Every structure is written in C-alpha cells, then in structure tokens.
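The structure appears below as structure tokens.
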Amino acid sequence: MSNITLGRYVPRDTFIHSLDPRVKIISLILLMVAIFISYSTWEMTFIMAGILGLFIFLLALISNTSFRLLFKSLRAMWFLIIFLLLINILIKPNNAEIIAFSIGSLDIYWESIFQSLKIIIRLFLMVSLTMILTTSTKPLDLTYALEWFMKPLKVIKFPTHEIAMTISIALRFIPTLLNEVERIMKAQTSRGVDFKHGKISSRFKAIISLIIPLFIASFQRAEELADSMEARGYDPKAKRTTYHKLRFSVNDLFVFILCGAFMAATIVFSVMNFTIKTPLFVPWLVIGCCLVLFYLFGLGAANARRYKK
Amino acid sequence: MKLKFNHVDFFYGTKAPYLFQALNDIDCEIKEKSFTCIVGHTGCGKSTLIQQLNGLLIPSKGSVFAGDFVVSSNKKERTKKLKPLRQKVGIVFQFSEYQLFENTVEEDVAFGPMNFGVKKEEALKIAHESLLKVGIGESFFKKSPFDLSGGERRRVAIAGIMAMQPEVIVLDEPTVGLDPRGVKEMMLLFKQLHEQGTTVVLVTHDMNLVYGYASDVIVMDHGKVVYQGGPHELFNRSVDEYSLETPLVTKLIQGLENKGYKFDLQKIAFIDDLVDEIVKQRRTSK
C-alpha cells in the first residue's frame, strides 16, 4: 500500500511550499522541457543533465522532500530500466562506432549504453520534479491552479469548474478508497483469503473478493456524496468563490523567471550546438557527484528518522 | 482457546512520516469460553487490539498467544503459517455488510469454509445451517447479497464467519445501526454461540449490552488496558474513573438500593430481571 502513497503531500513550512501552485505547475513544465532538450554531443547531454540534477537536488533540499522517497521511486522503476537497457543494447544505433565490449558475437556499443542512460536519467529527473511538486503542494491547490489554467476555455462553454470539482473530489477520495481497500482485504483475509500466495486461480478469486465490494462501496459513496451536495444546494452553474485565493507574489515571479531562464539557456545551448571541449570523464564526474550527493542525503534522512525513534 | 497478550506494543506508520502508538504495553488475557467485552472510547486501540488476535497485524513489540499459535514481533518465535489461526479465530469487522461479493447469499457464506479446504457440498450445508442460525430464511439462499437490506447483509456476513466454525469469534461493533429488536436478536445469537462453547469477544460502546451479556470486561484507554475483570465489579466501582456510561440497570439498582431494596447482582442482567425481582420482593414482603 505504501507504494501508492509515494508523492503524497507533506505539510511543511518551506519556500517551495509557499509558492503559488500556478507558478509551480508552469515551472514544472518549463523544467521538463529543459530536461527533454537534446544536444549534439554526449558530453553536453550529460553535463546538462548533471546541472539539472544539481538544480533539482537543490529544489528537493529546499522543499524538504525526503530523499529516501526519491530513491524509492527510482527503485520502483527498476523493471523499466532493465527493459530499456536490453532494448537499447539489442538494437544497434545508426551512428554507433565505438564498441564498449562484446559478449560472444554480440557487440555492445557505448552509444547504446549512453542512450539508455540518458533516458533513465531523464525519467529520474522527471519523477523527482513531479514528486517535489506533489509533496510540496496541496492537491486542492493543484486543482485550483488547473481550474485557473482552464479559464480561457470558458469562452467555448467548456465546463472548467465541473472538471476541477471532479478532479478535487477524485483526489479527496484516493486515501478513503485506500483505507477501504485495506479494510476489505483484512476482512477477506479473516475469511481465509490469501492475497500474497497461492495458485493463479485462487489469486484471481482473491482479487475478485476485493474488487466487487470495493466497487459497490464506491458507487454507494458516490451516490451519498451527490445527494449530500445537492441537499446543501450545490449548483455547478452558480458563481463560486473560494476560501483560499491564489496570490502571485514577488517570490513567484522570481521562481518563474529563474525557471524560464533555465529553459531558455538549454534551448540556446542546444540550437547553437554549444559544446564544452572536455574529456569524457568530466560529465561522468558531475553525474557521479550528483548521485553520491543524493545518496548521502538519502542515508542522512533515513538515519535521522531512526534516531528519532 | 485461550488468548493471551504478552507486553504488546503496536505502532502505526513505522515506514511513513507519521508515527502513532496505538497499543502501549498490553498485557491481558481472554479466558477460554468466556464472553469478553472490550470497551473504550473511539481511537483507544480496540480495533487494533482485535486485529492482533488472528495475525492481521503483527505486534511491534511483544507477542500474542492464541492456543498453540504465537504471533510475535520476533520472527523466530512467530508461527510460520497463520492461515490456520484465521480459521480458529474468526473476526467480524465493523460494517461487515460491505465484504460480500458472491453471486448468491449461500455461496458467499460458503466462501470462508471453502478457503479452509472444506468441500463445496459440505460448505454449502454448513452455510445453510449458519444462515438459519442468524435468522436468514431459506428464501434468501439463492438471492444476490446486494438485493438484501443493510441489516440482512450484516447477518449474512456474520454467518460467513460462523460457517468457518471458529473457536473464538471476534465481533467489532456488530449491533451498530440495527433497530432495538435486531440488536436483541443478534445478542441472543451470540449468547447462544457462547453457550455452545465458542469464546465470544465483543467490541461495543453499549454498556447495557456489556452489563447484560459479558462474563469479562476489558476497558481500554489511550492504547492501554486500564481494567480487566467482571462487569459487576466494573460498574459498581465508580465508572467515572474510565468515563464510561453507567448501564440503565445499574442506575436503577443504585436508586432502588438507596430506598432500601437489596438485590443479588449475579441474577440480574436486564431490566426484565430487575422487574421480576422487584415484584418477587414486594410479594414476599407482603
């Protein structure tokens, strides 16, 4: 169950937490673009990945995101990583030249190793960024921000408020449903269902015994919620005010400009074929340092928790 | 089957940023063939406590002994296979009406015993018996459980646990939301089970039920056991100590005793008994 709660909002009082959710979403998009820009040489690709990694590392540090959780997300992707490595190694890239090593008659090129590494690093950076966003922003604030972004669509009678309401209700009920899953699992385990072991047929039956009650309960809950909303006079067409007003402050402007500049710089580097003439080990050093930093902080966080106990 | 807690601690969220101690040094015993009630305020750890009884939750510290089974925080001491324990200790959870899923009522009740290796025909037979015991008539057997009312579904869920023929049946607030008659029928069923030799563990907030049915009471407060013993001693002492409600019968008896009446508490479980007793005493005094 704990895997699903990966990236859950953690209430803290940090600079990143206090930012406007709209700015956070835009910054996320800007930085994602920066992550996905490609460069003409591998040195440049890895150096930029390293710099972005450092930047995201700083963000995680400021927002007090648990490094242990960030690493957990990496661990959750292990299957993808192995799959990518295999695919890239088996398919010979077009411009591959230098053979790293060969297993039997299979030649493995540096090119393909770099290629898969690039994808993995991009994925990790992306997941880290998203996690920083979700752990530092209340889900409700995110939906408010989304509603704000959809405002222009109102002109074509797009039901922005209804969609935002649907999203916020869905988000609100995720923990409730998880509790429900846990409760039903316990009840069925008491009736002798084994969710972890056993033959495929009995495992299938076990899943059925979980899903059907879950569905019934959620439909019932949805109906009750709809009734109670209606009983309190909810009208989707009515003009609504919100308890929390979204505010754009100087800090938000600063973050927006910083992220924008970051993205602009990456695009400029990419377009101008800007390269730094360095031996190949320099980008490796940058990435290595990043990983070590991440790891040490992860360990530090884990230890700090242990001491608290 | 005797159930024994040996210095049990339990923490929620050991892997999450929110750590919460739900049980604090629980050291108590549920006697074989007793009718034990567990009472206490919401959030005092009652539900956590009962989940330790069949290994759904493993203690963070200490161990639970259930017959020959050991559910311990220590992996070496812990019984390897906990599934047989779940047959011996059946737990009916709160809002158990939401755990039904089969096509028909009888199949749903037979689901439990079949999980423990009972053949289908045999399981259906046991299911029919259990259903009749909880007051679900034959006309319901082939119906879909989702066509039943809430109260009926709860009975079916209880029958589902009873069909496993456990030695201990644990009930987490089974009477919540039932009408007074339903409550009485349900309680009589549990009493009958108890008389047939099943150990009954009942979690409840209703002190009248505790007074009427319990042979033993465990009072919990903030994850600790603060009282363990008979119901009469509990309610005769000041219940304010644990801020529990006084049962109606106790209130009446105390009022009447102030007026000079004398009662044998062991004989009086319900208001009806008290009325009989008063009538009898008046007759003899005349």
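Enumerate the lysines that residue A:92 could reach by cross-link, defined here as Cα to Cα under 25 Å, with residues fewer than 8 away along the same chain left out.
The qualifying lysines are A:118.
Averaged across the residues of A:206-218, what count of C-beta atoms belonging to other chains lies within 10 Å of each residue's C-beta?
Per residue, the average neighbour count from other chains is 3.
Sequence neighbours fewer than 8 away in the same chain don't count; with that in mind, list the lysines whose C-alpha is under 18 Å from residue A:245.
The qualifying lysines are A:24, A:138, A:151.
What fraction, in whole percent, of alpha-carbon pairs in the stretch B:169-239 exceed 15 Å separation?
Beyond 15 Å sits 56 percent of the P(r) for the stretch B:169-239.
Principal axis extents for the stretch B:1-64, Cα atoms only, whole Å, descending order, please.
The principal-axis extents, from largest down, are 41, 24, 19 Å.
What percentage of the solvent-accessible surface of chain B, computed with a 1.4 Å probe over protein heavy atoms, is contributed by carbon and sulfur atoms?
Heavy-atom surface of chain B belonging to carbon and sulfur, 1.4 Å probe: 50 percent.
How well do other chains shield peptide A:54-66, expressed as the mean number of their Cβ atoms within 10 Å of each residue Cβ?
0
If one takes the accessible area of chain B alone plus chain A alone and subtracts that of the pair, with a 1.4 Å probe, what total in Å², rounded to the nearest 100, results?
In total, chains B and A hide about 2300 Å² from solvent.
Which order do the peptides A:63-75, A:228-240, A:144-156 come out in when sorted by mean C-beta neighbours inside 10 angstrom, highest first?
A:63-75, A:144-156, A:228-240
Could you order the peptides B:199-211, A:257-269 from most to least packed, using the average number of other C-beta atoms within 10 Å per residue?
Top of the packing list down: B:199-211, A:257-269.
Take the cross-link list B:119/B:143; A:205/B:119; A:199/B:46 and give me the ones stretching past 24 Å between alpha-carbons.
Violating the 24 Å limit, Cα to Cα: A:199/B:46.
Using a Cα-Cα cut-off of under 15 Å, which aspartates and glutamates could be cross-linked to residue B:80, ignoring same-chain neighbours fewer than 8 residues away?
Here the aspartates and glutamates satisfying the reach criterion relative to residue B:80 are A:194, B:68.
Compute the length gained on full extension between residue A:224 and residue A:40: take 0.36 nm times their separation in residues and subtract their Cα-Cα distance, giving the result in nm to one decimal.
60.5 nm
Any idea what the relative contact order of chain B is, in percent, if you count C-alpha pairs under 8 Å spaced at least 6 apart?
21
Over the stretch B:150-205, average the accessible area per residue using a 1.4 Å probe and give it in Å², no decimals.
The answer is 36 Å² per residue.
Amide H neighbours of residue B:171 under 5 Å, counting only residues 5+ apart in sequence or on other chains, H built in-plane at 1.01 Å?
Placed amide hydrogens put B:92, B:201, B:202, B:203 under 5 Å from residue B:171.
Let me have the 222 nm mean residue ellipticity of chain B computed from DSSP H runs of 4+ only, each contributing -39500 (n - 2.57), with the sum over all residues rounded to the nearest 500.
Using -39500 (n - 2.57) per qualifying helix, the result is -11000 deg cm²/dmol.
Using only the alpha carbons, work out the radius of gyration and Dmax of the stretch B:3-246 in angstrom.
So, for the stretch B:3-246, Rg and Dmax equal 18.1, 53 Å respectively.
List the residues of the stretch B:56-93 that lose 20 Å² or more of accessible area once all protein chains are present, compared with their chain alone (1.4 Å probe, heavy atoms only, no ligands or nucleic acids).
B:56, B:83, B:86, B:93
Using the heavy atoms of the protein chains alone and a 1.4 angstrom probe, what is the accessible area of chain A per residue in square angstrom?
On a per-residue basis, 61 Å².
For a quick check of your reading of the filter: which trypsin sites (Lys or Arg not before Pro) in the stretch B:19-89 sit in a DSSP loop and have no more than 10 other Cβ atoms within 10 Å?
Answer in residue order: B:75, B:76, B:80, B:81.
How are the Cα pair distances of the protein assembly as shown distributed, in percent, across 10 Å bins from 0?
3, 13, 18, 19, 17, 14, 9, 4, 2, 1, 0, 0
At what distance in nm do the modelled label points of residue B:271 and residue A:126 sit from each other, each positioned 7 Å from its Cα along Cα→Cβ?
Result for the modelled spin labels: 6.8 nm.
Can you pull the percent of chain A's accessible area that's carbon plus sulfur, 1.4 Å probe, other chains left in place?
69
For the stretch B:132-145, just list the computed ³J(HN,Hα) in residue order, Karplus coefficients 6.51, -1.76 and 1.60, θ = phi - 60°, integers in Hz, with x standing in for Gly and Pro.
Coupling constants for the stretch B:132-145: 5, 4, 7, x, 9, x, 4, 5, 8, 4, 9, 7, 6, x Hz.
Over chain A, calculate the relative contact order: mean separation of alpha carbon pairs under 8 Å at least 6 apart, over the residue count, as a percent.
Rounded, it is 36 percent for chain A.
The values are calculated or read from the model by the stated rules, or taken from the named source; none is laboratory data. These numbers come from a predicted model, not from an experiment. Backbone-built Cβ (ideal geometry, glycine too); neighbour counts: all protein chains shown. SASA here: full protein model, heavy atoms, side chains in, ligands and nucleic acids out. Shrake-Rupley method; radii C 1.70, N 1.55, O 1.52, S 1.80 Å.
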